[in-house]
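Enquirer: One structure, as structure tokens, below. Some questions next.
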2 protein chains.
Amino acid sequence: MRRDSFQAIADPTRREILQMIAYKPLNINSVTEKFDVSRTAIYKHIKILTECGLITVKQQGRERYCEAKLDKLKEVADWVEQYRKIWTERLDSLDDYLIQIQTKEK
Amino acid sequence: MRRDSFQAIADPTRREILQMIAYKPLNINSVTEKFDVSRTAIYKHIKILTECGLITVKQQGRERYCEAKLDKLKEVADWVEQYRKIWTERLDSLDDYLIQIQTKEK
DNA sequence: TTTTTAGGAAACCAAAAGGTTTCATAATAT
DNA sequence: ATATTATGAAACCTTTTGGTTTCCTAAAAA
């Protein structure tokens with residue numbers, strides 16, 4: 001199975017989890033309590049996030065604290081940002097023109 | 001099924017498709033030819049991208065040109081960017097400190 | 001020392017994802 | 001007029017996803 005940041009943040013629940021722990025680590029049960037779905041379901045999401053490196057877990061007694069490693073989002077940020085100037089500057093009419101050209105060429 | 005930009009770009013093939021048409025629209029068959037998987041498989045990816053608004057299709061004779069609408073990536077860009085200063089500025093030792101605090105509080 | 005509490009993991013399930021082959025149709029090219 | 005090309009769509013298949021319930025263990029609290 002794919003385990004990268006793109007796939008990790010595709011799920012809205014996982015985005016929420018990252019949001020929750022972005023500024024302050026939380027133990028696993030604190031995270032799971034905030035959701036309607038079962039603890040095990042959230043636990044699995046946390047596991048996936050851990051496998052992607054977006055979370056690291058630190059043991060503290062019997063509790064395990066989830067800490068967001070948001071630099072792993074850089075992969076996504078870089079990919080998206082390469083297109084920013086296109087979406088901010090492009091004139092749609094150019095596309096139409098390019099389509100015309102390509103059709104004519106044949 | 002979920003149909004948003006996050007889910008759309010989770011698949012590497014769909015990211016490649018967007019890359020291909022980012023600067024110049026291509027007709028559907030031109031896109032499908034560049035991949036190892038079947039035409040129909042790629043066609044489905046294009047359909048998903050269309051449903052998300054990341055692609056629009058323009059008819060030109062019997063051909064249909066795919067045009068990237070990259071501004072739909074803004075949703076992803078915004079979400080990711082809100083965390084950039086965290087991953088660039090955060091000191092990991094702060095997390096450890098916060099975990100200590102929370103454990104003590106009980 | 002008993003009882004909670006935090007976390008881990010297995011077994012199972014339905015739906016979604018990603019792929020295939022096959023067939024159909026409407027423009028174009030020959 | 002016929003063959004080819006570009007696309008659409010149905011039927012089908014396997015694996016992954018996201019969820020559940022259940023059971024287990026170890027630390028901490030009463």
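Enquirer: Is it the case that the stretch B:6-23 has a residue that's out of contact with any Lys or Arg (no Cβ under 8 Å at 6 or more places or on another chain), within 30 Å of A:Gln19 (Cα to Cα), touching a residue at least 60 places away in the same chain (Cβ under 8 Å) and within 15 Å of DNA strand C (Cβ to nearest atom)?
Expert: No, there is no match, as no residue in the stretch B:6-23 is out of contact with any Lys or Arg (no Cβ under 8 Å at 6 or more places or on another chain), within 30 Å of A:Gln19 (Cα to Cα), touching a residue at least 60 places away in the same chain (Cβ under 8 Å) and within 15 Å of DNA strand C (Cβ to nearest atom).
Enquirer: Hey, another quick one. How about the stretch A:44-63: which of its residues are over 17 Å from A:Arg15 (Cβ atoms) and either out of contact with any helix residue (DSSP H, G or I) (no Cβ under 9 Å at 6 or more places or on another chain) or open to solvent by 70 Å² or more (accessible area, probe 1.4 Å) (or both)?
Expert: A:Gln59, A:Arg62
Enquirer: Residues that are in contact with a Pro (Cβ under 7 Å, 6 or more places away or on another chain), among the charged types (D, E, K, R) and either open to solvent by 30 Å² or more (accessible area, probe 1.4 Å) or farther than 16 Å from B:Trp87 by Cα (or both): does the stretch A:7-17 have at least one?
Expert: The answer is no, given that none of the residues of the stretch A:7-17 is in contact with a Pro (Cβ under 7 Å, 6 or more places away or on another chain), among the charged types (D, E, K, R) and either open to solvent by 30 Å² or more (accessible area, probe 1.4 Å) or farther than 16 Å from B:Trp87 by Cα (or both).
Enquirer: Mind checking which residues of the stretch A:23-51 are within 12 Å of chain B (Cβ to nearest Cβ) and within 17 Å of B:Ile86 (Cβ to Cβ)?
Expert: A:Tyr23, A:Lys24, A:Pro25, A:Leu26, listed by residue number.
Enquirer: Going by what's in this entry, would A:Glu67 be described as at the interface with chain B (Cβ under 8 Å from one of its Cβ atoms), within 15 Å of DNA strand C (Cβ to nearest atom) and at pLDDT 95 or above?
Expert: yes
Enquirer: Follow-up question, since we're still on this one. So B:Leu49 passes all but one of these: (1) out of contact with any strand residue (DSSP E or B) (no Cβ under 8 Å at 6 or more places or on another chain); (2) more than 8 Å from DNA strand D (Cβ to nearest atom). Which condition number does it fail?
Expert: Every listed condition holds for B:Leu49 apart from (1).
The values are calculated or read from the model by the stated rules, or taken from the named source; none is laboratory data. Just so we're clear, the structure is a prediction, and the values are computed from it rather than from any experiment. FYI the Cβ positions are ideal-geometry reconstructions off the backbone, even for glycines, and counts take in every protein chain you see. What goes into the accessible areas is simple: the full protein's heavy atoms, side chains included, and nothing from ligands, DNA or RNA. Shrake-Rupley method; radii C 1.70, N 1.55, O 1.52, S 1.80 Å.
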